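Please read the structure below before turning to the comments.
The values are calculated or read from the model by the stated rules, or taken from the named source; none is laboratory data. Note that this is a predicted model, so its numbers are computed, not measured. Backbone-built Cβ (ideal geometry, glycine too); neighbour counts: all protein chains shown.
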């Protein structure tokens with residue numbers, strides 16, 4: 001893969017940024033289509049109840065192998081993109097705490113959602129590149145501790161992540177709005193129909209008998 005910019009006036013790091021952004025969009029679209037497909041529905045059924053899913057005719061082993069293979073391929077693409085930012089070698093110094101906690105953006109954004117990892121990545125970028133460098137001198141090395149406290153608070157207050165919590169709030173507001181909406185009962189509808197028939201002279205037994213008698 002060519003990492004040097006083929007466009008004049010565009011630096012190589014800028015070219016890699018737009019290339020990685022395009023790859024990321026393609027991966028998100030691919031995952032969204034998988035989730036909405038038959039395989040995605042099978043995954044949901046297996047997640048909810050594996051025994052019931054197998055009893056309903058879903059080939060559990062095949063779906064799991066397909067899922068693991070797809071996730072491994074996506075992880076491999078991500079690793080290849082990350083390798084382009086280094087010289088291709090791994091040193092002991094690169095195994096810092098941020099490498100072992102690279103999972104927290106998707107957890108913070110919402111592990112059970114598609115857009116959640118993207119939201120978590122934006123939050124991680126803001127924390128690492130905006131908030132952490134602006135900490136006072138005596139708290140300069142306390143960024144990992146602050147991050148740990150925030151993660152614990154997030155697990156206790158919003159275990160489904162930012163996106164999951166927003167969806168829960170949206171569902172609660174929708175339920176409250178539905179409760180406030182006046183419901184029309186069937187008895188009221190029938191009463192209105194009878195009254196409408198009496199006013200027009202086409203409803204009721206009296207009008208029917210009069211028409212029969214005149215005939």
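A few comments on the model shown:
- Search result, residues across the range 1-27 that are in contact with a helix residue (DSSP H, G or I) (Cβ under 7 Å, 6 or more places away or on another chain) and modelled with pLDDT of 85 or more: 20, 23, 27
- Test: residue in the range 136-146 that is modelled with pLDDT under 85, in contact with a helix residue (DSSP H, G or I) (Cβ under 6 Å, 6 or more places away or on another chain) and in a helix (DSSP H, G or I): yes
- Scan the range 72-109 for residues that are at pLDDT 80 or above and in contact with a helix residue (DSSP H, G or I) (Cβ under 9 Å, 6 or more places away or on another chain) and the total you get is 5.
- From 26, 35, residue being surrounded by 13 or more Cβ atoms within 10 Å (Cβ to Cβ) and under 18 Å from the mean Cα position of the chain (by Cα): 35
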